[in-house]
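J.: Here you go, one structure.
The values are calculated or read from the model by the stated rules, or taken from the named source; none is laboratory data. The structure presented is a predicted model; accordingly, all values stated were derived computationally and were not measured. Reconstructed Cβ throughout: ideal geometry from the backbone, glycine too, with neighbour counts over all protein chains shown. All accessible areas refer to the heavy atoms of the entire protein, side chains included, with ligands and DNA or RNA removed. Shrake-Rupley method; radii C 1.70, N 1.55, O 1.52, S 1.80 Å.
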Amino acid sequence: MSVTTVIAFVIATAVPLGVLYAIRALDLYGMGAFRTVVLCFGWGGAAFALAYVINSATLRYDLVSYDNFRRFSAPVIEEILKAIILVYLVRRPNFTYFVDGAIYGFASGIGFAILENYSYLSGSVGAALGVAVGRVISTNLIHATASALVGITLGLARFQRSSGRALLLLGGLALGMALHVGFNNLVTRVTSGLLILYAATVGFGGTGLIVTAIKRGLKEEKTWIEEKLGAADRVTASEAAVVH
């Protein structure tokens with residue numbers, strides 16, 4: 001393995017992990033347990049393995065054309081698989097707010113993206129470095145953003161009635177799928193030299209959306225905490241200041 005290829009694999013691993021660390025660091029209240037973040041990251045890798053098997057079978061048995069596979073089939077399958085862990089976690093006590101869902105979903109998407117990076121790099125003889133850089137600033141962020149959107153809707157659904165939960169879950173999945181499908185249609189149709197610019201703009205734009213949602217959620221949590229502390233008769237002003 002050449003030095004360039006080694007560098008490509010390092011980039012394909014370190015950059016997505018760095019972005020995940022930055023997103024996790026936004027959770028000032030530490031509500032998203034680190035152990036659960038790791039679990040979601042690991043599930044993302046498992047989801048890639050499952051998607052690889054299903055996608056391979058889809059192509060092998062000619063269930064869809066290759067063009068439709070890239071543009072529609074693969075994104076739908078991948079988003080469903082990445083979201084399974086979130087559907088499981090939403091019922092747990094430590095899934096308390098949509099900020100948790102955003103972080104857990106982002107972790108699942110990053111776990112998926114890193115293994116997918118390895119798959120692409122293994123077949124990119126002589127172009128591994130370019131592939132790695134292109135993917136970490138575009139496709140990786142789309143995987144993470146799409147899963148985070150599902151996590152956000154599940155976090156919001158936690159406090160809804162059963163019918164509302166189902167609608168939010170389906171809406172979140174549809175939103176994540178739409179983002180992924182739209183991105184895949186973009187990168188398969190654009191052939192100009194501006195492709196990487198378009199792809200990176202979508203990737204960073206999606207990540208910015210998740211960051212904005214997390215900051216809003218933290219602001220709402222802060223307001224809620226202040227209201228609860230202010231309403232508690234046995235909490236002194238100094239105690240409230242320490243907690244704040």
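J.: Condition check: at positive phi and surrounded by fewer than 17 Cβ atoms within 10 Å (Cβ to Cβ). Does Asp62 satisfy that? So that I can check it myself, show each step before the final result.
T.: Numbers: at positive phi: yes; surrounded by fewer than 17 Cβ atoms within 10 Å (Cβ to Cβ): yes.
In short, yes.
J.: Now, a different point. Specify which of the listed residues (Ser124, Ser108) is open to solvent by less than 50 Å² (accessible area, probe 1.4 Å), within 20 Å of Ile137 (Cα to Cα), part of a loop (DSSP other than H, G, I, E, B) and among the hydroxyl-bearing types (Ser, Thr, Tyr).
T.: On the way: Ser108 fails: part of a loop (DSSP other than H, G, I, E, B).
Result: Ser124 is the single residue among Ser124, Ser108 that is open to solvent by less than 50 Å² (accessible area, probe 1.4 Å), within 20 Å of Ile137 (Cα to Cα), part of a loop (DSSP other than H, G, I, E, B) and among the hydroxyl-bearing types (Ser, Thr, Tyr).
J.: A further question follows. Out of the residues in the stretch 74-133 that are aromatic (Phe, Trp, Tyr) and within 23 Å of Leu50 (Cβ to Cβ), which is nearest to the chain's Cα centre (by Cα)?
T.: The initial filter retains those residues of the stretch 74-133 that are aromatic (Phe, Trp, Tyr), namely 88, 95, 97-98, 104, 106, 112, 118, 120.
Now drop any that are not within 23 Å of Leu50 (Cβ to Cβ), which leaves 88, 95, 104, 106, 112, 118, 120.
On the way: Tyr88: 16, Phe95: 16, Tyr104: 8, Phe106: 3, Phe112: 9, Tyr118: 18, Tyr120: 19 Å.
Taking the candidates together, the pick is Phe106.
J.: What pairs come up if the first residue lies in the stretch 39-53 and is open to solvent by 50 Å² or more (accessible area, probe 1.4 Å), the second is assigned to a helix (DSSP H, G or I), and their beta carbons are under 6 Å apart, counting only those six or more places apart or on different chains?
T.: Short answer, once both residue conditions are applied: Phe41/Ala107; Phe41/Gly111; Trp43/Ile85; Trp43/Ser108; Leu50/Leu81.
J.: Still on this model: For the stretch 190-214, how many residues meet the condition of being closer than 21 Å to Gly105 by Cβ, open to solvent by 70 Å² or more (accessible area, probe 1.4 Å) and in contact with a helix residue (DSSP H, G or I) (Cβ under 9 Å, 6 or more places away or on another chain)?
T.: Looking only at that region, the number is 2.
J.: Which residue, of Glu78, Glu116, is crowded, with 24+ Cβ neighbours inside 10 Å, part of a helix (DSSP H, G or I) and in contact (Cβ under 8 Å) with a residue 12 or more places away in the chain?
T.: Values: Glu116 fails: crowded, with 24+ Cβ neighbours inside 10 Å.
Among Glu78, Glu116, only Glu78 is crowded, with 24+ Cβ neighbours inside 10 Å, part of a helix (DSSP H, G or I) and in contact (Cβ under 8 Å) with a residue 12 or more places away in the chain.
J.: Going by the conditions given, is Gly45 out of contact with any Ser or Thr (no Cβ under 7 Å at 6 or more places or on another chain) and either modelled with pLDDT under 95 or not in a helix (DSSP H, G or I) (or both)?
T.: Values: out of contact with any Ser or Thr (no Cβ under 7 Å at 6 or more places or on another chain): yes; either modelled with pLDDT under 95 or not in a helix (DSSP H, G or I) (or both): no.
No, not satisfied.
J.: Further, regarding this structure: Any idea how many residues of the stretch 177-198 are in a helix (DSSP H, G or I) and either at pLDDT 95 or above or of a type in the set (S, T, N, Q) (or both)? Explain how you work it out, then say what you get.
T.: Within the stretch 177-198, the first condition is being in a helix (DSSP H, G or I), and the residues that meet it are 177-189, 195-198.
So of that shortlist, the ones also either at pLDDT 95 or above or of a type in the set (S, T, N, Q) (or both) come out as 177-185, 188.
Final tally of qualifying residues: 10.
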